[in-house]
Amino acid sequence: MNRTGRLFILISLVIYGCVDHSEVTVPAYLFIPAIEMTTVKVEGTASQSFRDAWVYVNDTFVGAYATPCKVPVTILGNVEVKVYAGIRENGMITHPTRYSMTAPYSETLVLEPTRTDTVRPIVHYYAQNVFTFNETFDGSHFFKSDRDGDAFTQITLTAQDQAFEGRNSGEIILTKDHPLLIAEYDIARAVPVTPNQVYIELNYKSDVEFYVGFYGYTPGLSPRDYVLGKIRPKDSWNKIYFNFTPYINECTCTDYRVAVYAAYDTAVAKTIQQVNLDNFKLIHQ
C-alpha cells in the first residue's frame, strides 16, 4: 500500500474515533400558539399579556419560548406537560419571568419522535391569591384622595365607548396650567410581609410617562412613598406587571394605599395630555 493510501486510512480512523456514536434522540415537538386566561368574578379581568411559555415535561424544565412557538422535546412517550405563563416583569423586555400569581396549565400527552402536538394553555390565578385592591373603574372608583393640591386634576371616568372593557375606564387629563396629579386610594388595607410575592398589574394607555405604586402607613410616622413603578407612554392599550415585593418587605408598614402619579411633559407635542387606566390590581398570597 502506498503512503497516500496509508494516510487516508489513518485520517479516516482519527475522524471515526472523534465521532460520538451514542444514540441521538429524535425530538417530538409542542406547538403553543398563545396562552389564554380565565378568571372568576372576584378576580376581575382576564386581560393578560403572557408573552412567554415556560415549558416543563415531567417536571423537567424544557425552556422558555415567546409565543407562538414550536418547542423540541426529547422526553418521549406518556408525559405530563406543564406550561407556566411568562411576563416581562416591570415592563422590561430584559426581565422575562414566570408569573407567580397564576397556576400552570397541565396536560398529559404521548409524545412521538418528529410529531408535533398542539397545546393550547389556559391558566388561572392561584386560589390562595388575595386581591387587596381591585379597581375596575366601572361606574365609580376609589382613587379620590388628592395629594397634589389641584382640584382640577383628578381621575375621572371615560365614556363607555372609550373604555378598555366594561362600563368605564379611568382618565387623567393634564395641561400646562394643571400639570400634576397624585391620586391615592381612599381605603387603606394591610399587606403582610411573607416569602411570597406582591404584584401590581393594570391596563393602561398614556401620552406621557407616569408612575404607580403605594403609600405605606404606620401610626405615628409620616407616610412612606413607594409610587415607583414607571410606565412609559403607549398610544394603545397595554398590560403591565410590577413586582413590589422588595418594597413591601422594606416598608413593613401597618397599612397601604395604592396611588398614581402623572405629570405634564413639555417635550410631548400635545397641549392636552391624557392617561387612561383600567383593572388596577394589587395581588399577594
Query raised in the report: Of all residues in region 240-267, which are polar (S, T, N, Q) and either under 29 Å from Lys176 (Cβ atoms) or in a helix (DSSP H, G or I) (or both)?
Result: Thr245, Asn249, Thr266
**Report entry** The listed residue being surrounded by fewer than 17 Cβ atoms within 10 Å (Cβ to Cβ), under 21 Å from the mean Cα position of the chain (by Cα) and more than 17 Å from Ala259 (Cβ to Cβ), out of Thr175, Thr114, Thr194, Thr118
**Finding:** Thr194
Query raised in the report: Any idea which of Leu221, Leu181, Leu228 is surrounded by fewer than 17 Cβ atoms within 10 Å (Cβ to Cβ) and part of a strand (DSSP E or B)?
Result: Leu228
Requested in this report: Taking Gly216 as the residue in question, decide whether it is more than 28 Å from Lys176 (Cβ to Cβ), small (Gly, Ala, Ser), crowded, with 22+ Cβ neighbours inside 10 Å and not assigned by TED's automatic domain parsing to the domain that holds Gly86.
Outcome: yes
Query raised in the report: Taking region 21-38 as the region of interest, how many residues are more than 24 Å from Phe50 (Cβ to Cβ) and modelled with pLDDT of 95 or more?
Result: 2
Report task. Would you mind finding the one in Val14, Val81, Val42 that is of a type outside the set (Asp, Glu), within 27 Å of Leu109 (Cα to Cα) and either assigned to a helix (DSSP H, G or I) or at pLDDT 95 or above (or both)? Result -> Val81
Query raised in the report: Do the conditions hold for Thr97, that is, is it in contact with a helix residue (DSSP H, G or I) (Cβ under 7 Å, 6 or more places away or on another chain), closer than 22 Å to Pro68 by Cβ and not charged (D, E, K, R)?
Result: yes
Report task. Can you confirm whether region 116-138 contains a residue that is of a type in the set (Gly, Ala, Ser) and in a strand (DSSP E or B)? Result -> no
Requested in this report: Of the numbered conditions (1) buried (at least 21 other Cβ atoms within 10 Å of the Cβ); (2) at pLDDT below 95, Gly170 fails exactly one; give the number of that condition.
Outcome: (2)
Query raised in the report: Looking only at residues in region 84-111 that are of a type in the set (Phe, Trp, Tyr) and within 13 Å of the chain's Cα centre (by Cα), which one is farthest from Val62 (Cα to Cα)?
Result: Tyr99
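For Asp138, state whether it is surrounded by 14 or more Cβ atoms within 10 Å (Cβ to Cβ), out of contact with any strand residue (DSSP E or B) (no Cβ under 8 Å at 6 or more places or on another chain) and either farther than 30 Å from Val62 by Cβ or at pLDDT below 95 (or both).
Working: surrounded by 14 or more Cβ atoms within 10 Å (Cβ to Cβ): yes; out of contact with any strand residue (DSSP E or B) (no Cβ under 8 Å at 6 or more places or on another chain): yes; either farther than 30 Å from Val62 by Cβ or at pLDDT below 95 (or both): yes.
It is true that Asp138 is surrounded by 14 or more Cβ atoms within 10 Å (Cβ to Cβ), out of contact with any strand residue (DSSP E or B) (no Cβ under 8 Å at 6 or more places or on another chain) and either farther than 30 Å from Val62 by Cβ or at pLDDT below 95 (or both).
The values are calculated or read from the model by the stated rules, or taken from the named source; none is laboratory data. No experiment lies behind these values; they were computed from the predicted model shown. Note: ideal-geometry Cβ built from the backbone for every residue, glycine included; neighbour counts use all protein chains shown.
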